[in-house]
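**Student:** Take a look at the following structure, please.
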Amino acid sequence: YEKETLAAQAVLLRSSLVKAYAEEEMKNGVKELAADDGLYSYWSDARMRTRWGKQYEQSLDKCLDAVIETQGIYLTWNGEAIKGYYHGMSAGGTRNGKELSDGESYGYLKKADCPENLSASDYLTEYRVSIKQLGELTEAEQNTEGYVLSVCKNGIRISGEKLREELGLSSTNFTWKEEDGDYIFSIRGRGHGFGLDQYYANVLAQNGMTYREIVDYFFADTDYQR
């Protein structure tokens, strides 16, 4: 990833940490966040070093540069720190925050076009599963971008996210067809589609955008604080 992409990511991560700290401090009067509060990656430092070696060391240097470049900077909306949503690759465009359960609290999440995603090598993936194993799927409810909001599984309506987690799909933007007793899922993009699109953010950085311009492309009516 480009330096400015990582800088944009640093601002969003810091925003989430500031928000979490403020919420915990108000709730419990705590002064520090616990290391096991879910804000840390499953990919531990030791595991990354074992898997990637020198490449990981070089990535750490780039990340440190991004943190220093944005030192102390985070995003606010309506005077409060935001949760810095991001995902791997949208299905051609990011999603409006109103689709989240408490949509009015996420007015800073806007739709943003990401056309180059459609030609990415890993934009489209497939997954095959036995109908007998999974159960009968019917009546998918989708938004205009194709993200599955809910679906009937064996007559019971569940969220698209729940089905994605059950099958380990890369995104809730999927369709399926039946073939020889199986469902074949066609999945577009990676992640939930809200906030910063990491793949397209990098395209914008390669085209000369600064980290602030990248953040502003995906987030509406936010302010920068230090």
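The values are calculated or read from the model by the stated rules, or taken from the named source; none is laboratory data. All of these numbers come straight from a predicted model, not from anything done at the bench. When we count neighbours, we look across all protein chains shown, and the Cβ atoms used for this are built from the backbone with ideal geometry, even at glycine. Each accessible area value is taken on the protein alone, full model and side chains, heavy atoms only, with ligands, DNA and RNA left out. Shrake-Rupley method; radii C 1.70, N 1.55, O 1.52, S 1.80 Å.
**Student:** Rounded if a/c is under 1.5, else prolate if a/b is larger than b/c, else oblate: which is region 133-181, with a ≥ b ≥ c the root eigenvalues of its Cα gyration tensor?
**Tutor:** In terms of gyration-tensor shape, rounded.
**Student:** Still on this structure: So if I place +1 on the C-beta of Lys and Arg and -1 on the C-beta of Asp and Glu, and nothing else carries charge, what would the dipole magnitude of the chain be about its Cα centre? I want it in debye, nearest 20.
**Tutor:** 280 debye
**Student:** Normalised by the residues of the chain, what does the relative contact order come to in percent, with Cα pairs under 8 Å and at least six apart?
**Tutor:** 28 percent
**Student:** Grab the Cα-Cα distance for Asp180 and Glu161, subtract it from 0.36 nm times how many residues apart they are, and report the gain in nm with one decimal.
**Tutor:** Details: separation 19, 0.36 × 19 = 6.84 nm, distance 2.59 nm.
Taking Asp180 through Glu161 to full extension adds about 4.3 nm, to one decimal.
**Student:** If you take the beta carbon distance between Glu139 and Glu80 as r and set R0 to 41 Å, what does 1/(1 + (r/R0)^6) give as a FRET efficiency, to the nearest 0.05?
**Tutor:** It comes to 0.60.
**Student:** Over the residues of the chain, compute the C-alpha Rg and express it relative to 2.2 N^0.38 Å.
**Tutor:** 1.11
**Student:** Something else: At 20 °C and 1.002 mPa s, grab the translational diffusion coefficient of region 102-226 from Stokes-Einstein with a Kirkwood Rh over Cα pairs, rounded to a whole number in µm² per second.
**Tutor:** After rounding, the answer is 131 µm²/s.
**Student:** Now, a different point. Once the dipole of the chain is set up with Lys and Arg at +1 and Asp and Glu at -1 on Cβ about the Cα centre, which of Asn154, Gly72, Gly53 lies farthest towards its positive end?
**Tutor:** So the residue furthest toward the plus end is Gly53.
**Student:** Set the bar at 18 Å for Cα to Cα. Now go through Lys98/Lys153; Lys3/Lys62; Lys62/Lys83; Lys19/Lys83 and name every pair that lies beyond it.
**Tutor:** In this structure, Lys98/Lys153; Lys62/Lys83 lie more than 18 Å apart at Cα.
**Student:** May I pose another question? Which whole-number value in Å² is the accessible area per residue of region 115-226, probe 1.4 Å?
**Tutor:** Here the per-residue accessible area is 53 Å².
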